[in-house]
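Okay, structure first, notes after.
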Amino acid sequence: MKFVTAKKDGVTFVGFVDDEKGRVLPLNQVEEVRSGEKSFPSSMIKCIASGENFINKVDQLLDWVQHQINVDSFYIPIEDLTILAPIPRPEKNIFCVGKNYAEHAIEMGSAEDIPKDVMVFTKAPTTVIAPNGTILSHHNVTSQLDYEGELAVIIGKQGRAIKKEEALDYVFGYTIINDVTARDLQSRHKQFFIGKSLDTTCPMGPWIVHKSMIDNPNHLDIQTKVNGEVRQNSNTKNFIFPVEEVISVLSAGMTLEPGDIIATGTPAGVGKGFTPPKFLQSDDQIEISIEGIGTLINKVGDNEACEL
Ligand code: MG
């Protein structure tokens, strides 16, 4: 199952994605036809927080739709919708794993930079933008804007001191994040926070894929293209710290909650890793694809030309 947050006629809603046919089932709109009540939670975070009940309810609704004579009439073509980030405004900072692929750690420094313990920083919730949303160039504050294609884990259940063996039980699903980074700010201010938290530097989506559709998050092809040129091409089997370990370390003394987002790190091939570096410029298009999830596409635009 794939779920989007979408907008049509000024109304934002959670929808079930029928990827093959390029259409979306607006859950509450259809549920109202079925039962007379809009009984699905109103936001993606609330849907996630209602856990298995949510998935069971979607199953029941899909079954009902299948048995209607006018099945197709319940779906909306995806091109008729504005697709937002699946979680348009996270309730807390996005957790990000740094240097989780050895080759990326080396391109950022040397083999000595390969971490022995999970390295975590965060991005502010205000960084999040939609698939196809514009990444501001921020040329007034940075000249080294860079891309980082990453698998993101969406937590589905509250937990602390989560054991590695049980970690995937706490996952709701997966999406794609571009951990856009201002490299000059990242190094100048010692802590990564400012360099990782400029507005529009967390494109997310295009949807959340439920965990039932991903056999092993630690074995997915991941690729990033800039203007059609392949820059990053790897597989999450190259993680230094697999998803289970990241969840276990993060939750050791800190509660993880439904809707929390963990970006799992980026493979080699970021702009800074090239000689000379290939930082992002206005009009560049970044396309991140992850096996079993989909493709996240965003363009860079000048601050003056774009409104938030
Ligand atoms: Mg990153």
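Across the range 199-218, what is the total count of residues that are within 17 Å of the chain's Cα centre (by Cα), more than 20 Å from P86 (Cβ to Cβ) and of a type outside the set (S, T, N, Q)?
Count: 0.
So, restricting to strands (runs of 3 or more DSSP E) that lie completely within the range 227-308, which ones have at least 1 residues that are within 16 Å of the ligand (Cβ to nearest atom) and farther than 29 Å from K116 by Cα?
By residue number, 285-290, 294-301.
Residues of the range 43-58 being open to solvent by less than 80 Å² (accessible area, probe 1.4 Å) and more than 17 Å from the chain's Cα centre (by Cα), which ones?
Scanning the range 43-58 gives A49, S50, G51, F54, I55, N56, K57, V58.
Residues being more than 24 Å from T175 (Cα to Cα) and assigned to a loop (DSSP other than H, G, I, E, B): count how many of those fall in the range 36-66.
4
Among the residues of the range 145-161, how many are surrounded by 23 or more Cβ atoms within 10 Å (Cβ to Cβ) and more than 16 Å from the ligand (Cβ to nearest atom)?
Matching residues across the range 145-161 total 3.
Here are the criteria: (1) within 25 Å of I45 (Cα to Cα); (2) crowded, with 22+ Cβ neighbours inside 10 Å; (3) in contact with a Pro (Cβ under 7 Å, 6 or more places away or on another chain). Tell me which single one T236 does not satisfy.
The failed condition is (1).
Do you know which residues across the range 127-144 are within 15 Å of the ligand (Cβ to nearest atom) and in a loop (DSSP other than H, G, I, E, B)?
Listed by number, the list holds a single entry, Q144.
Restricting the search to the range 205-250, which residues are free of Cβ contacts under 8 Å to residues at least 60 places away in the same chain and in contact with a Ser or Thr (Cβ under 9 Å, 6 or more places away or on another chain)?
Residues satisfying the conditions are N216, N218, H219, V230, N233, P242.
The values are calculated or read from the model by the stated rules, or taken from the named source; none is laboratory data. Bear in mind the structure is a predicted one, so any value in this text is a computation, not a measurement. Heads up, the Cβs are rebuilt from the backbone with ideal geometry, glycines too, and the neighbour counts pull from every protein chain shown. Accessible surface areas use protein heavy atoms only, side chains included; no ligands, DNA or RNA. Shrake-Rupley method; radii C 1.70, N 1.55, O 1.52, S 1.80 Å.
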